[in-house]
Amino acid sequence: MLTETRGTERWKYTNLKSFLEGSWELAESLEAEDLPSRTRFSQYEGEKAGEIVLLNGRFIPGWSQTSIDGVTIRQKPLTKPQASQAANTLAAQDKIASTFVSEILEVEIAAKTVLKKPIVITNYVIGGESLSVLTVASTQIEIKVEKLAEVAFVEYFNGEGRTLTVPVTSMQVAPGARVSHLRVNATRSEAAQLGMTRITQARDSFMETYQLSLSGRLTREDLEIRLMEPGAEALLDGLYIVDGKRHSDHATTVEHIAPQTLSSQLYKGILADDSRAVFNGRVRIHRDAQQSNAAQLNNNLLLSKRAEADAKPELEIDADDVKASHGATIGQLDPEHIFYLRARAIPEAQAKAMLARGFAQDVAFRIRNEFLREGAIRAVDKALQSLNLGQDSGGSHA
Amino acid sequence: MNLLEIKDLQASVDGKAVLKGLNLTIKPGEVHAIMGPNGSGKSTLSKIIAGHPAYEVTSGSVNYEVNFKMKDLLEMEPDERAKEGVFLAFQYPIEVPGVSNEAFLRTSFNAISKHQGAEEMSEEAFKKFVRKKMELVSMDEKFMDRAVNTGFSGGEKKRNEILQMAVLSPRLAILDETDSGLDIDALRIVADGVNKLKSKDNAILLITHYQRLLDYIVPDYVHVLAGGKIIETGDKSLALKLEDKGYDWLLQ
């Protein structure tokens with residue numbers, strides 16, 4: 001199932017095979033009487049309008065709170081990918097999802113609904129006892145945001161054991177609608193996640209989406225945004241924190257299809273120990289997308305000499321009247337920054353922690369929706385607490 | 001008792017000798033000014049006192065009074081020195097994106113308070129305390145929420161250094177070209193701030209290119225640093241003479 005990823009450009013730096021070895025089994029469906037106590041799982045910490053809880057890929061109504069004005073949630077059976085859909089537009093995630101998913105969860109936000117607090121979609125996966133078995137759970141969520149609605153979503157992932165989570169989320173944003181979206185991968189275990197998010201935006205719609213990978217053994221997140229009509233604007237930012245032997249790979253694609261569309265992305269990474277992280281950002285400005293504006297930046301902070309970051313921006317421009325920029329940096333904590341803090345009585349370890357936090361929270365501070373911003377800051381602080389800023393810091397002085 | 005004693009200090013940077021036998025003694029309550037041509041080692045001296053790791057001391061000693069005993073300053077980590085009251089106002093204050101001025105200053109203040117056995121100040125109490133100090137350097141409150149020095153103008157950065165000095169009340173404050181790049185209004189604000197912080201218990205070491213600063217902060221001693229050594233020491237009239245005649249008469 002994963003063979004098609006090998007040798008392809010978009011999967012150049014991530015070899016799934018080494019992470020996903022062993023036999024695979026479908027995560028078991030838990031009945032109400034078998035449900036573990038919810039308190040054993042961490043939760044998204046922040047205010048919310050309602051919550052959809054998925055356990056091992058299945059909707060758990062008893063743990064969910066879904067009566068929200070203007071919001072309709074329904075389950076529908078999965079139709080297999082249509083033959084008309086060219087095989088090469090399907091990602092590895094789609095193929096796994098179509099094998100392991102039996103139903104789609106549909107979330108519809110009625111026109112002009114205003115929800116500043118987020119609808120939280122919590123996704124837990126419990127792996128089996130044996131580490132040689134990979135427990136797979138996949139979900140497929142389709143979100144429709146109707147005209148002029150303003151809504152916020154959080155997708156929160158956590159679990160335990162050796163698992164593979166394959167969440168496939170699609171979002172259609174109607175004219176004039178405004179969406180704030182935060183994805184938090186809070187798993188810190190043997191978990192692997194191959195995520196796919198596809199967003200389609202209509203005229204004058206606004207989307208801010210933030211990916212926090214904080215992070216499991218393996219994280220691969222694909223994000224595709226299609227700006228279909230004039231005035232569509234997308235802000236897509238991300239933060240990945242990896243340590244130990246963890247690996248993260250973020251692949252974004254922004255398609256500027258219509259004129260006067262705007263995209264801006266900032267992806268930041270903190271890498272400690274022997275970790276590795278990849279950022280591959282593709283921006284395509286189509287021939288008709290005149291007067292569009294695309295900015296992309298990827299900054300990596302290496303806390304260890306053994307960590308490795310790969311940044312691969314790709315810009316394809318077929319229109320002539322556009323503004324586009326991209327850049328990538330890979331560096332260490334600046335010794336002059338560390339010295340400045342130490343000269344103000346702040347001990348070295350604390351100085352490094354402050355600087356790393358500043359670097360990371362920069363992404364969270366950009367979130368416009370205040371509820372999401374607070375939730376993100378909290379999640380990032382939690383992840384930083386367990387990070388090894390270590391003696392083997394590349395930021396030591398010359 | 002002396003606050004700082006520097007004896008025959010020799011130091012190099014990237015293998016190049018910069019200080020070649022510098023002697024300097026400072027007592028509490030004194031204001032010293034060090035002047036000298038570019039590249040004479042003025043900034044090196046300030047970085048060595050503060051403990052910058054890129055500067056290597058090859059010979060000599062730097063002793064500093066801690067609890068009525070002279071201690072080897074060079075043996076102390078930069079943050080320990082700061083806790084004992086050594087403060088360097090940077091020539092080029094560092095921009096620290098993502099760290100708010102308030103959090104930075106409070107962390108710094110509490111680290112020093114804790115070291116001195118005082119209680120940490122609460123966020124609320126600290127805000128009040130800082131607000132008063134900000135008036136001293138005519139800084140707007142909004143600067144507290146901004147990232148440290150990030151996007152500040154040159155003058156704002158220098159005022160921020162003096163604000164830090166006011167909050168941390170050091171025993172030995174070294175102002176490394178704090179006057180450079182300031183217009184006369186900003187210079188007055190900075191100098192007024194420094195004058196208000198002066199006391200019989202603390203000492204100030206001014207490093208400057210320009211005599212102008214010394215019209216506002218009056219030194220007890222003026223030293224000329226050239227070729228890695230102090231070659232002349234006088235009172236404030238020496239600065240005026242340097243302003244008038246330059247350094248050449250001393251260098252010959």
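Brief remarks follow.
- Cβ-Cβ distance of A:Glu129 and B:Lys7, R₀ of 56 Å, FRET efficiency by 1/(1 + (r/R0)^6): the value works out to about 0.20.
- For segment A:3-332, size of Cβ-based charge dipole, Lys and Arg +1, Asp and Glu -1, in debye: 320 debye
- Spin-label zone in segment A:12-52 - amide nitrogen under 17 Å from a point set 7 Å from the Cα of A:Glu374 along the C-beta vector: A:43-51
- In this structure the amide hydrogen of A:Ser263, modeled in the peptide plane, comes within under 5 Å of the amide hydrogens of A:Ala234, A:Asn293, A:Ala294, A:Ala295, none closer than 5 places in sequence on its chain.
- Note, ³J(HN,Hα) from phi for segment A:314-330, Karplus 6.51, -1.76, 1.60, rounded to Hz, x at Gly and Pro: 9, 10, 10, 10, 10, 9, 9, 10, 9, 10, 9, 9, 8, x, 9, 10, 10
- Spacing of the two label points (7 Å from each Cα toward its C-beta) at B:Gln116 and A:Asp69, in nm: 5.6 nm
- Take each residue of peptide B:77-90, count the partner chain Cβ atoms within 10 Å of its Cβ, and average: the result is 4.
- The simple Förster model, with R0 at 41 Å and r as the Cβ-Cβ distance, assigns A:Asp34 and B:Asp145 a FRET efficiency of 0.25.
- Zone residues, segment A:287-316, relative to A:Lys245, backbone N less than 19 Å from point 7 Å out along Cα-to-Cβ: A:304-309
- Difference of contour (0.36 nm per residue) and Cα-Cα distance, A:Glu103 to A:Leu148: 13.4 nm
- Angle in degrees between helix B:184-197 and the longest Cα principal axis of chain B, rounded to the nearest 10: 80 degrees
- Per-residue HN-Hα couplings for segment A:248-259 [Karplus 6.51, -1.76, 1.60; θ = phi - 60°; Hz; x = Gly/Pro]: 10, 9, 10, 10, 10, 9, 10, 9, 8, 9, 10, x
- At least 15 Å along the helix axis (C-alpha) and Kyte average at least 0.0, DSSP helices within chain A: A:348-365
- Inter-probe distance in nm under a simple model that places probes 7 Å from Cα toward Cβ, at B:Ser180 and A:Ser170: 6.1 nm
- Per-residue 3J(HN,Hα) values for segment A:42-54, derived from phi via the Karplus relation 6.51 cos²θ - 1.76 cosθ + 1.60 with θ = phi - 60°, read 6, 10, 5, 9, x, 6, 9, 8, x, 8, 10, 10, 10 Hz in sequence order (x marks Gly and Pro).
- Note on segment A:3-332: dipole from Cβ charges, positive end direction compared against A:His286, A:Thr219, A:Ser23; the farthest Cα belongs to A:Thr219.
- A:Ala111-B:Asp192 pseudo-label distance in nm [points 7 Å out on the Cα-to-Cβ vector]: 6.1 nm
- Bridgeable lysines around A:Lys147 (alpha carbons under 28 Å apart, same-chain partners fewer than 8 residues away excluded): A:Lys48, A:Lys76, A:Lys112, A:Lys116, A:Lys117.
- In this calculation the C-beta distance from A:Leu315 to A:Thr8 is compared with R0 = 25 Å, giving a FRET efficiency of 0.80.
Read the figures in this text as sums done on the coordinates, not as results from a lab. The structure displayed is predicted, hence computed values, not measured ones. As a convention, Cβ positions derive from the backbone with ideal geometry for all residues, glycine included, and neighbour counts pool all protein chains shown.
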